[in-house]
Each structure stands twice: as structure tokens, then as C-alpha cells.
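Right, one structure below, let's go through it.
The values are calculated or read from the model by the stated rules, or taken from the named source; none is laboratory data. Here the structure is a predicted model, which means the values were calculated and not measured. As a convention, Cβ positions derive from the backbone with ideal geometry for all residues, glycine included, and neighbour counts pool all protein chains shown. Just so you know, the surface numbers come from the protein's heavy atoms only, side chains and all, with ligands and any DNA or RNA stripped out. Shrake-Rupley method; radii C 1.70, N 1.55, O 1.52, S 1.80 Å.
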Amino acid sequence: MSTDMPPSAPQYQNGPQYQGAPQQPMGAAPQYHNAPQPQQIPPAPKKKGIVARILTAIIGIVVAGVVVYGINYFTSDAAQTKAGDCASLTGTNTKPDYKTVDCGSAEANYTVGKVLGSTAESCPAEFYDEYTETARRGPDSKLCLVPNLAEGKCYDIEGSTTTMGYPPVDCGKSGVHKLVKLEKGTADETLCTDSLPLVYPEPKTTFCFAPTENA
């Protein structure tokens with residue numbers, strides 16, 4: 001599945017940086033300025049490839065006229081995540097919701113394969129789902145995600161749904177594929193004899209899918 005999508009948080013460089021408010025002269029009355037309201041600009045989704053989605057969120061944060069670059073880091077799960085963490089990615093293609101969860105949780109529908117250094121970088125393989133958070137002011141985050149799937153279950157990997165993640169579906173449904181083999185610790189498409197391989201180098205994972213009778 002491949003869609004380019006939107007909303008959620010930022011990236012961070014060297015932690016928060018604060019600029020102090022200007023000093024008031026002695027005896028002068030304090031002056032107050034209204035803070036600009038946050039604005040969100042979700043980019044349009046794009047097609048990428050089977051089991052590949054691109055999500056982008058743009059967030060602008062200004063507090064009392066002082067730009068606080070580090071604030072996004074402390075309020076964004078995506079900004080603080082690291083490779084090997086598990087995540088819950090819910091919502092829709094146009095309005096995804098990302099949060100870090102325990103890998104043993106039923107909510108964990110993705111594993112973070114790689115955290116990229118900038119939004120200009122690309123994931124190490126085409127099948128990763130990508131999640132990008134771009135802040136108007138401050139650092140950005142871009143994650144390469146591997147879906148958490150179970151061998152023997154059927155999935156709609158062709159992207160016919162707008163719901164995030166790949167929940168198991170009825171194997172009798174038209175157009176779905178069955179995960180006939182799951183190999184963790186190995187990235188080798190030759191393991192998928194007469195089946196569709198989806199290979200991820202980080203962490204090394206091989207999915208082998210076969211079409212169902214109604215595919």
C-alpha cells in the first residue's frame with residue numbers, strides 16, 4: 001500500500017532553546033502580546049508502493065511571542081522514538097495519530113525500523129511505511145515503520161482502506177493476501193517460494209504473502 005499522508009509532530013536539535021523576554025524598565029507598566037494560534041497544514045497523500053504509506057504532519061508552535069524550538073521534542077512521541085520501539089498508528093491516511101506503546105501491547109501495530117536524520121532522507125527499502133512530522137519552527141522527524149503482522153492471518157496489503165495499520169481481515173474477502181511465512185532476523189526474498197516477498201533490512205524481517213482463493 002502506498003500513500004503519502006499527513007498530521008502529527010516535529011524533530012529536535014540540541015534540545016530546547018529559549019529566548020528570554022525583553023526587560024521592562026523600572027516602574028514601567030508591563031506589556032502583553034497575544035500569542036499566534038497554531039496552524040496545521042496537512043500535505044496531500046501520495047501513492048508509493050505495496051505496503052508503503054507516507055504520513056506528514058506540519059505543526060507550528062509559538063508561545064507568547066517566544067519561539068521554543070525544543071517544546072516539540074517533549075510533546076511528540078515521534079520525535080523521541082528510536083529504532084526498535086513499537087508504535088500505535090491509528091486514524092486515517094489524512095489524519096493519522098502516532099504514539100509510542102509497549103511492544104507487548106495489542107495496540108502495537110508497527111515497529112520503528114529506522115529513525116532518519118532529516119526529512120530529505122529515504123528509508124532503506126521501498127516497503128516501509130513512512131511517518132514524517134514537520135514543524136513550522138524547530139526540528140522535524142521521519143520514521144521508517146515495519147507493520148506488525150501475524151503468520152497465518154490475512155491482510156489487505158493493496159491499500160483499499162484509508163484506515164491506518166494493517167488489521168487482519170477475513171480470508172474469504174476478495175483481494176486479500178495471506179501471510180504464509182514470517183521470518184524475523186532475516187531479510188531474504190528467496191525464502192518466499194511461489195509467494196510475494198516483502199523484505200525489510202532494519203530490523204531484518206521477511207514477509208511472504210500468497211493470494212487467497214478470492215484474491
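On the given criteria, is T190 open to solvent by 10 Å² or more (accessible area, probe 1.4 Å), in a loop (DSSP other than H, G, I, E, B), under 25 Å from S122 (Cβ atoms) and of a type outside the set (G, A, S)? Spelling it out, it is not the case that T190 is open to solvent by 10 Å² or more (accessible area, probe 1.4 Å), in a loop (DSSP other than H, G, I, E, B), under 25 Å from S122 (Cβ atoms) and of a type outside the set (G, A, S).
Scanning the stretch 187-215 for residues that are touching a residue at least 60 places away in the same chain (Cβ under 8 Å) and of a type in the set (D, E, K, R) yields a single hit, E202.
From the list E151, E107, E202, E130, the lone residue that is among the charged types (D, E, K, R) and open to solvent by less than 40 Å² (accessible area, probe 1.4 Å) is E130. Being β-branched (V, I, T) and either assigned to a strand (DSSP E or B) or closer than 14 Å to D77 by Cα (or both) is the filter here, so list the residues in the stretch 126-157 that pass it. Those that are β-branched (V, I, T) and either assigned to a strand (DSSP E or B) or closer than 14 Å to D77 by Cα (or both): T132, T134, V146. The strands (runs of 3 or more DSSP E) found entirely in the stretch 73-125 that carry 1 or more residues being touching a helix residue (DSSP H, G or I) at 6+ places or on another chain (Cβ under 9 Å) and over 21 Å from Y200 (Cα atoms) are 96-101.
Which one of P168, P124 is open to solvent by 30 Å² or more (accessible area, probe 1.4 Å), under 15 Å from L198 (Cβ atoms), of a type outside the set (D, E) and touching a Lys or Arg at 6+ places or on another chain (Cβ under 7 Å)?
When all the criteria are applied, what remains is P124.
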